[in-house]
Amino acid sequence: MTSTAPSLARIKSFTFSGIEATPVTVEVQISTGLPSFIIVGMATRAIAESRERVRAALSAMGLALPPKRILVNLTPADLPKDGAHFDLPIAIGLLVAMGIIPSETISSFAALGEITLDGSINPVRGILCAALASATHNLGLICPASQSQEARWGHPDLPIIAAPSLRVLSAHLRNEQLLPAIPAPLPQPPHYGPDFKDIKGMQQARRVMEIAAAGRHSLLMSGPPGSGKSMLASRLPSILPDLTAEEILQSSQIHSISGLLPPGQLINRPPYRAPHHNTTLPALVGGGPKAQPGEVSLAHNGVLFLDEFPEFPRSCIEGLRQPVEAGEVTISRAAHHTHYPARFQLIAAMNPCRCGYVHDVERSCNKAPRCSQDYAARISGPMMDRMDLCVHIHSLSPLAISRAPEGESSAEIRPRVQKAYDKQIQRQGICNSQMTPENFFFEQDALTLAEQAALRLKLSHRGITRMFRVARTIADLEGSETVHKQHAAEALSYRML
Ligand SMILES: Nc1ncnc2c1ncn2[C@@H]1O[C@H](COP(=O)(O)OP(=O)(O)OP(=O)(O)O)[C@@H](O)[C@H]1O
Ligand SMILES: [Mg+2]
């Protein structure tokens, strides 16, 4: 580095919008002038604070910043950038500009990582998304050592440098002490969670769960306290069809960007999210200052279970209407929009009234039946209309539970569900709960029954469509090519609540 000519280093990184990683070039220039350290290029405060972390990390390596003008430019300049993961590319750029790391070693790499004051490289969100994007852009990836396996899931041939600290990284890039290659991660066995065999009796509820799982249908369960609604919902993931490779990557990317991906693992079974009813709208559908994904996106390709549904704030219940239909969420900020996938299976549970015993004359409170109408009214008509299946869960007496034989296990139910699900994908490329009316092929007797019921029950067009979808799933579970009257009749019985 001469004293007059400015020294310039360039390294790639990424900024995230939803699960999309957009390439950003980090330029570091050291030139003569009054000593300063400036970061430009629509950077947020977290990036501006990089200066102090990088300065301290270099000093921990025994290096002092040159007493010159240091300019960091993040380009494209008109793209908003956020995240402490810019620490690492800024630090690497500085080391290159200072002549400590040879520039050719990093020219085909992108870097992401947060740096601590002692020079350690800490994990950051979105490494999987960055690894996938690096492979697309023919780049290698420099990332925190603790996230090497996450990066490896992005692509088996991706060049990865996973370093625990800036000092170790610098030694590797200077060819002094090489880091080990990152092996292919071992696929972890699927975790199915609680099992259906624990549920005694409850044949109708089990049947409804099987239909819901097979067609990925939305379901509302209403029943008295202790009737087993939460227990049923928590067992639904154990019988859901397997995720495809594409679904695994999508769900894992959403978890990665939220910082919730288990170390070195992918989301290889449908996710199950059960937020508490004191949640907020941004936590549920996404948002907040960083436009983070909400529970609906974390439940993408899986289940969103809302227990005590009427107790959720009205804004949350109504806020679900759009993602349920669209399968994605758009978070608008002043300058840009962020999209997240949100194709989830909505499962809701509620008591029929506040005391929960409106149908039990001996136990109901003195406000029955009015309290039940008020309580149910907390869920708007349009939201109820979006439920494919609505069922009443009957309570079993403790004696009936203790005498009932052990139920069918999840391992026995799962193949039936998988078979019915595979049929849907072969036939129409999507599952029945996403099927559009043009895919409907019904026998005349089923259509006549549906038309009569639509008039009698005053079903909306959406209600009829959803009933048809459920009927199709019932026929698929039976292995029937066409939908008959009995399938439509059973589907209708689940809209009577
Ligand atoms: N059919 C059943 N088989 C086995 N256990 C059952 C059954 N029904 C209820 N239970 C037991 O009762 C407990 C209460 O069930 P759960 O919490 O699912 O009820 P709930 O309907 O969600 O009640 P609440 O409305 O109060 O939330 C469960 O932990 C479970 O052990
Ligand atoms: Mg419950």
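Every number in this text was worked out from the coordinates using simple rules, so none of it is lab data. The structure presented is a predicted model; accordingly, all values stated were derived computationally and were not measured. With ideal geometry, Cβ positions are generated from the backbone for all residues, glycine too; neighbour counts draw on all protein chains shown.
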**Complete:** Projected area averaged over all directions for the convex hull of the alpha carbon atoms of the stretch 7-173, nm², comes out at 8.4
**Asked** What nm distance separates the two modelled labels at GLU438 and ALA274, each placed 7 Å from Cα along Cα→Cβ?
**Response** 4.0
**Prompt:** In what order do VAL40, VAL329, VAL470 fall by count of nearby beta-carbon atoms within 10 Å, going from fewest to most?
**Reply:** VAL40, VAL329, VAL470
**Request:** Going by C-beta contacts inside 10 Å, put THR338, THR25 in order with the fewest on the left.
**Result:** THR25, THR338
**Prompt:** Hey, rough spin-label estimate for THR136 and GLN322, points 7 angstrom out along Cα→Cβ, what's it come to in nanometres?
**Reply:** 2.4
**Complete:** Among the Cα-Cα pairs of the stretch 196-409, the proportion with separation greater than 21 Å, in percent, is 57
**Fill in**
Here FRET efficiency (C-beta to C-beta, ASP385 to ALA489, R₀ 22 Å, nearest 0.05) is 0.60
**Message:** Taking every DSSP beta bridge with both residues inside the chain, roughly what % is antiparallel (nearest 5)?
**Reply:** 50
**Message:** If you average the C-alpha positions of the stretch 228-275 and of the stretch 7-22 separately, how far apart do those two centres end up, in angstrom?
**Reply:** 28
**Fill in**
The answer for trypsin sites (Lys or Arg not before Pro) in the stretch 426-497 that fall in a DSSP coil and have at most 12 neighbouring Cβ atoms within 10 Å is LYS458
**Complete:** Per the rule of 0.36 nm per residue minus the C-alpha distance, extending LEU399 to THR75 adds in nm 109.7 nm
**Message:** Need one number: nm distance between label points at GLU246 and HIS155, each 7 Å from Cα along Cα→Cβ, rounded to one decimal.
**Reply:** 2.0
**Complete:** Stokes-Einstein, Kirkwood over Cα pairs, the stretch 20-119, 37 °C, 0.692 mPa s; D in µm²/s equals 241
**Request:** Please give the residues of the stretch 71-92, grouped as numeric ranges, whose backbone N is less than 15 Å from a label point set 7 Å along the Cα-to-Cβ vector of THR22.
**Result:** 74-83
**Asked** Counting Lys and Arg as +1 and Asp and Glu as -1, what is the net charge of the other residues whose Cβ lies under 14 Å from the Cβ of ILE331?
**Response** -2
**Complete:** Exposure proxy check on MET202, MET98: fewest-to-most Cβ neighbours within 10 Å is MET98, MET202
**Asked** If you average the sequence gap of Cα pairs under 8 Å that are 6 or more apart and divide by the length of the chain, what percent do you get for the contact order?
**Response** 13
**Fill in**
Extension length gain for ALA64 and ILE38 (0.36 nm per residue less Cα distance), in nm, is 7.7 nm
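What's the longest bit of the chain with no exposed GluC sites (Glu not before Pro), using DSSP loop states and at most 12 other Cβ atoms within 10 Å as the test?
177-361
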**Message:** I'd like to know how the chain sits against the 2.2 N^0.38 Å rule of thumb: what's its Cα Rg over that expected value?
**Reply:** 1.19
**Asked** Separation of the stretch 60-127 and the stretch 30-56 by C-alpha centroid, Å?
**Response** 10
**Helical contribution to [θ] at 222 nm, DSSP H n ≥ 4, -39,500 (n - 2.57), averaged over the chain, rounded to 500** = -10500 deg cm²/dmol
